[in-house]
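For reference, the structure discussed in these notes is given below.
The values are calculated or read from the model by the stated rules, or taken from the named source; none is laboratory data. None of the values given here were measured: they were computed from a predicted structure. Ideal geometry is used to build each Cβ from the backbone, glycine not excepted, and the neighbour counts take in all protein chains shown.
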């Protein structure tokens, strides 16, 4: 067995997502399982080099997980020839410049989304990476969730017949921060810092719709800042300048219509924090993060509208749970493993920076649609 060490500069791992999902549940989890076997006697061993702005936080993180390498000097880390991959989970406003530096240094790059603050910047990154000949990837974690993998299985198996519509509900109540601490960072609610639910969530909806149902060809959006005043991490009030709710309608290639509501100002009355209902001529499904339920046309009841009498039917009882049929690993970890295989063994990988640019494009057009009050076409992107 040959160990192939891959040193990864991980920038932004002191943040919630970078710490929990990317460092602990992905990179360190791969190490805990003994590395990532390639099947030819080689095992990939990821070696994280923690990067950030706060030395004390990096030191504490390294000590907590028994890591030895960390730095507040990104330039020095990128100048180290032994570092092969640069990963970015920073604030959106800092991401593009750091990724450009990494590409210029010849590093393979893997990044959270959105990849840049605007479409021009996202396309520039993709072109720079292609020209440099480095491997590049963008996190599209929801594709690897158990619920959506089951949904993809149904699509690929022709369960739905002709897909007519997709309806998505995402969100939860994010506390304002006055009488209970907010469970999201305050920058998420300041547009000047790259915040806003459209910028955060429309890139997710782009790749979910694109990969499962077809390319988005037009968007109609309405956005709102339902909670205009919040309190930051120090308990100080501030004006929320970014949107905290978005209501989008997306036309898909092939004619299906998707409607997705996203909100940080909604209380949850559903089984999971995100759910998608897909309706087709032959059947329907409701998928969340983990579960997926179906109703075939042969088992579809025949409701009759009668508001004068209580309903005698339990509509939920007529749905069947889709079995796991396999063991589902953490979605972030699964994509990390695919990217590591792509870098080391050259295995196919299409969740790249161009795919990331499509997400930025949809967010940009969604905000513009809301501002102009009209439906906008979504042109197909190429390099």
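Report whether or not residue 159 is assigned by TED's automatic domain parsing to the domain that holds residue 206, farther than 23 Å from residue 339 by Cβ and under 22 Å from the mean Cα position of the chain (by Cα). Give the steps one after another, and end with the answer.
Details: assigned by TED's automatic domain parsing to the domain that holds residue 206: yes; farther than 23 Å from residue 339 by Cβ: yes; under 22 Å from the mean Cα position of the chain (by Cα): no.
The answer is no for residue 159.
Of all the residues that make up the stretch 34-79, how many are free of Cβ contacts under 8 Å to residues at least 40 places away in the same chain and out of contact with any helix residue (DSSP H, G or I) (no Cβ under 8 Å at 6 or more places or on another chain)?
Selection size over the stretch 34-79: 17.
Regarding the stretch 176-192, can at least one residue be identified that is in contact with a helix residue (DSSP H, G or I) (Cβ under 6 Å, 6 or more places away or on another chain) and either closer than 16 Å to residue 241 by Cα or surrounded by fewer than 21 Cβ atoms within 10 Å (Cβ to Cβ) (or both)?
yes
What about residue 281, is it farther than 29 Å from residue 223 by Cα and either buried (at least 20 other Cβ atoms within 10 Å of the Cβ) or out of contact with any helix residue (DSSP H, G or I) (no Cβ under 6 Å at 6 or more places or on another chain) (or both)?
Answer is yes for this residue.
Among the listed residues 358, 374, 341, identify the single one that is more than 24 Å from residue 107 (Cα to Cα) and either modelled with pLDDT of 95 or more or not assigned by TED's automatic domain parsing to the domain that holds residue 196 (or both). Break it down stepwise before answering.
Numbers: 358 fails: more than 24 Å from residue 107 (Cα to Cα); 341 fails: more than 24 Å from residue 107 (Cα to Cα).
Step by step, each of 358, 374, 341 is checked, and only 374 is more than 24 Å from residue 107 (Cα to Cα) and either modelled with pLDDT of 95 or more or not assigned by TED's automatic domain parsing to the domain that holds residue 196 (or both).
Being touching a residue at least 40 places away in the same chain (Cβ under 8 Å), part of a strand (DSSP E or B) and within 30 Å of residue 187 (Cα to Cα): is that true of residue 277 here?
no
Quick one: is residue 38 buried (at least 16 other Cβ atoms within 10 Å of the Cβ), in contact with a strand residue (DSSP E or B) (Cβ under 7 Å, 6 or more places away or on another chain) and either at pLDDT 95 or above or under 17 Å from residue 336 (Cβ atoms) (or both)? Walk me through it before giving the result.
Details: buried (at least 16 other Cβ atoms within 10 Å of the Cβ): yes; in contact with a strand residue (DSSP E or B) (Cβ under 7 Å, 6 or more places away or on another chain): yes; either at pLDDT 95 or above or under 17 Å from residue 336 (Cβ atoms) (or both): yes.
Considered against the rule, which asks whether it is buried (at least 16 other Cβ atoms within 10 Å of the Cβ), in contact with a strand residue (DSSP E or B) (Cβ under 7 Å, 6 or more places away or on another chain) and either at pLDDT 95 or above or under 17 Å from residue 336 (Cβ atoms) (or both), residue 38 comes out as yes.
Of all residues in the stretch 1-33, how many are out of contact with any helix residue (DSSP H, G or I) (no Cβ under 6 Å at 6 or more places or on another chain), free of Cβ contacts under 8 Å to residues at least 60 places away in the same chain and over 19 Å from residue 331 (Cα atoms)?
Adding up the residues that qualify gives 4.
Out of all the residues in the stretch 217-231, which are assigned to a loop (DSSP other than H, G, I, E, B) and either surrounded by 15 or more Cβ atoms within 10 Å (Cβ to Cβ) or in contact with a helix residue (DSSP H, G or I) (Cβ under 8 Å, 6 or more places away or on another chain) (or both)? First the steps, then the outcome.
First pass over the stretch 217-231, keeping only residues assigned to a loop (DSSP other than H, G, I, E, B): 225-228.
Selection gives 225, 227.
Could you pull out the residue among 329, 324 that is surrounded by fewer than 18 Cβ atoms within 10 Å (Cβ to Cβ), under 22 Å from residue 138 (Cα atoms) and either within 19 Å of the chain's Cα centre (by Cα) or in the same structural domain as residue 166 (by TED's automatic domain parsing) (or both)?
329
Against the condition farther than 27 Å from residue 144 by Cα, exposed (fewer than 11 other Cβ atoms within 10 Å of the Cβ), without any contact (Cβ under 8 Å) to a residue 24 or more places away in the chain and not assigned by TED's automatic domain parsing to the domain that holds residue 35, how does residue 299 come out, does it pass?
Criteria not met by residue 299.
When you look at residue 234, is it surrounded by 20 or more Cβ atoms within 10 Å (Cβ to Cβ) and part of a loop (DSSP other than H, G, I, E, B), yes or no?
Working: surrounded by 20 or more Cβ atoms within 10 Å (Cβ to Cβ): no; part of a loop (DSSP other than H, G, I, E, B): yes.
In short, no.
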